[in-house]
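The values are calculated or read from the model by the stated rules, or taken from the named source; none is laboratory data. Everything quoted here is computed from the prediction, not taken from an experiment. Quick reminder, even Gly has a Cβ in these numbers, built from the backbone with ideal geometry, and neighbours come from all protein chains shown. Keep in mind that these areas ignore ligands, DNA and RNA; they rest on the heavy atoms of the full protein, side chains included. Shrake-Rupley method; radii C 1.70, N 1.55, O 1.52, S 1.80 Å.
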Amino acid sequence: MHPTGALKDEKYRPQFHFTPARNWMNDPNGLLYYKGEYHLFFQHNPKENIWGNMSWGHAVSSDLYSWEELPVAIPCTDDVGIFSGSAVIDYENTSGFGSKENPAMVAIYTEHKNDKSSQRQCLAFSLDQGRTFTKYEGNPVLDLQTPDFRDPKVQWIDGQWLMTIALPDLHQISFYSSPNLKEWAHLSDFGPAAEIGGCWECPDLFKLGNKWVLIVSLNPGGYQIGSGTQYFIGEWNGKEFIADDTKTRWLDYGRDNYAGVTFNDAPSNKRIFLGWMSNWEYANKVPTDPWRSAMTLPRELSLEGDRLVQKVLPNKKLPTIKFSTSGGTVRISESEDCYIEIGLADGKIFMDATNTWYEDLKFHRQEIATDKKIVDFEIYIDRGSIELFADGGKVSITNLVFVDTALSSVSTEGDVLDLEVIELA
């Protein structure tokens, strides 16, 4: 498992979530599966434990739980930061960067001018499975000459490269197509719609069953405070995304699941999601050292009606609590004064982590209305975090917690059924 050795005993260091060994991390980038490896690139400050010097960090895994951190993949320069983006395998060698025998891994990222004058889209390619990258000499490949234009998610869809990208301050998602990753044509724009209380970022478009889902992160304007992620359900006709409606649907009702996107080319056509487990409201302040931030547990996405369903990928060692209730509470404790309460009350699924929160930062109870009389819960606990999935995965709540040792004691109140506790330590 990650981490190993001395890292394992650092205060708040997760045992089952990816964290960099040192320094700052935020958005997941370039999520990709290739030749038996899941690639996680990520926004990274290689020099400090706060945001800055934005570069692409890199880690690989065979199972999304045991990670090997590799050297920085695409470093910043004195003039530009390497902001969020995606990665693809150019199997048909449309770009000419590789060959059909050895296709290039191509990173599509936002180059951010440090003077904040411009954000434009650039390419870098690798012929050694992401271990080294070369920047394309023809960069940028897409430039609107605007300071806010970022986070390209690129995929091969219906015989073309499709880029889904954010115009943050306009609350719009733009779509572009390309035959070769180098030349891009504008197709359409979506938005503004639903939540527009902050800038739109980190979009992702994908098909689940016979419907299409568009994920959009926004900051601020989340469900409770700070960062949040919404999604839309609709149709993609090859040129534009047409939403079935524009009502608000939250991907997560917690405070700490932001900028998440899905893996390209995952095995068995699974749609696997990974998010940044923090919130811009306090990300630079959380009391972890010598690293900051973790990724969520990997989650397989599916669609049930008009609701996104999230299921954590199986791992036998994950500390897990399962139960159902028609009106009861489960308390998970470190001590008499340090605990989390989860359950169903007055027609609302709730989590109250107030008593495990960092003393310099405020936490508020989270409640989500439900019409279900009996609700099932799956709860995953790690050092530094708790992730809850209720109603078959239709409700997700992800929160950081700050506990000196571990949440290891479970008690119940009210009508709690089928309680199962796995591997709490």
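Restricting the first member to the stretch 359-382 and to residues that are under 20 Å from residue 251 (Cβ atoms), and the second to residues that are hydroxyl-bearing (Ser, Thr, Tyr) and assigned to a strand (DSSP E or B), the beta-carbon pairs closer than 6 Å and six or more apart or on different chains are 376/324; 380/320. All of 72, 60, 80 fail the test of being free of Cβ contacts under 8 Å to residues at least 40 places away in the same chain, touching a strand residue (DSSP E or B) at 6+ places or on another chain (Cβ under 8 Å), within 30 Å of residue 179 (Cβ to Cβ) and surrounded by fewer than 23 Cβ atoms within 10 Å (Cβ to Cβ), apart from 80. For the stretch 248-268, a residue qualifies if it is part of a strand (DSSP E or B) and over 18 Å from residue 349 (Cα atoms), and the qualifying residues are 258, 259, 260, 261, 262, 264. Among the residues of the stretch 267-274, is any under 13 Å from the mean Cα position of the chain (by Cα) and farther than 26 Å from residue 209 by Cβ? No, there is no match, as no residue in the stretch 267-274 is under 13 Å from the mean Cα position of the chain (by Cα) and farther than 26 Å from residue 209 by Cβ. Here residue 164 clears all of (1) free of Cβ contacts under 8 Å to residues at least 40 places away in the same chain; (2) in a strand (DSSP E or B); (3) open to solvent by less than 40 Å² (accessible area, probe 1.4 Å) except the condition numbered (1). Looking at 340, 397, just one residue is part of a strand (DSSP E or B), out of contact with any Ser or Thr (no Cβ under 7 Å at 6 or more places or on another chain) and either under 19 Å from residue 295 (Cα atoms) or not aromatic (Phe, Trp, Tyr) (or both), and that residue is 397. Take the conditions (1) farther than 18 Å from residue 119 by Cβ; (2) open to solvent by less than 60 Å² (accessible area, probe 1.4 Å); residue 55 misses just one of them, which is (1).
If the condition is being on the phi > 0 side of the Ramachandran plot and surrounded by fewer than 23 Cβ atoms within 10 Å (Cβ to Cβ), then the stretch 27-41 contributes 35, 36.
Within the stretch 98-131, the set of residues being in contact (Cβ under 8 Å) with a residue 40 or more places away in the chain, on the phi < 0 side of the Ramachandran plot and assigned to a loop (DSSP other than H, G, I, E, B) comprises 131 only. Candidates are the residues of the stretch 281-328 that are among the aromatic types (Phe, Trp, Tyr) and within 21 Å of residue 255 (Cβ to Cβ); the one that is surrounded by the fewest Cβ atoms within 10 Å (Cβ to Cβ) is 282.
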